[in-house]
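A short write-up of the structure that comes next.
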Amino acid sequence: MSKKCKKCKYTSIGGQALIEGIMMKSPEQYSIAVRKPDGGIDVQVFDNNKVKFQKIPILRGMMNFFDALVTGYKCLMKSAEKQMTD
């Protein structure tokens, strides 16, 4: 049984691996950092879409799941474009 830390701060930040990069997501924004073929790093920051149905548990879960799939796929495609074009 673990004890809770009284001085710890908990955040709602998650991430996903991309092609030569990473996507980090918080409730307000998400960002991607991708290594370019020349060795530099390209960082982009985006605002999150507001998820509706926050008070209905089943719909909230389905919408959050769908949003995570769409956001993850978009970021993966952006990182692939960076590898092919730059």
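For the stretch 49-57, the count of residues that are in a helix (DSSP H, G or I) and open to solvent by 50 Å² or more (accessible area, probe 1.4 Å) is nonzero. Among the residues examined, Asp42 qualifies as modelled with pLDDT of 85 or more and not basic (Lys, Arg). Going by the structure shown, is Lys82 basic (Lys, Arg) and open to solvent by 60 Å² or more (accessible area, probe 1.4 Å)? Against the criterion (basic (Lys, Arg) and open to solvent by 60 Å² or more (accessible area, probe 1.4 Å)), Lys82 does not qualify. Residues that are over 16 Å from Leu76 (Cα atoms) and among the β-branched types (Val, Ile, Thr) within the stretch 42-53 comprise just one, Val51. For the stretch 26-48, filtering for residues that are part of a strand (DSSP E or B) and more than 16 Å from Lys82 (Cα to Cα) leaves 4. The numbered conditions (1) within 30 Å of Thr85 (Cα to Cα); (2) assigned to a loop (DSSP other than H, G, I, E, B) are all true for Met23 except (2). Filter the stretch 1-41 down to the residues that are under 13 Å from Ser79 (Cβ atoms), of a type in the set (D, E, K, R) and either out of contact with any strand residue (DSSP E or B) (no Cβ under 9 Å at 6 or more places or on another chain) or surrounded by 15 or more Cβ atoms within 10 Å (Cβ to Cβ) (or both) and list them by number. Selection gives Glu20, Arg35. For Leu69, the criteria (1) in contact (Cβ under 8 Å) with a residue 12 or more places away in the chain; (2) open to solvent by 70 Å² or more (accessible area, probe 1.4 Å); (3) part of a helix (DSSP H, G or I) hold in every case but one, which is (1). Evaluated against (1) outside any helix (DSSP H, G or I); (2) touching a Leu at 6+ places or on another chain (Cβ under 6 Å), Ser79 falls short on exactly one condition, (1).
The values are calculated or read from the model by the stated rules, or taken from the named source; none is laboratory data. A quick note: this is a predicted structure, and the numbers were derived from the prediction, not measured. Every residue, glycine among them, receives a Cβ derived from its backbone with ideal geometry; neighbour counts consider all protein chains shown. Accessible surface is based on the protein model in full, side chains and every heavy atom, while ligands, DNA and RNA are left aside. Shrake-Rupley method; radii C 1.70, N 1.55, O 1.52, S 1.80 Å.
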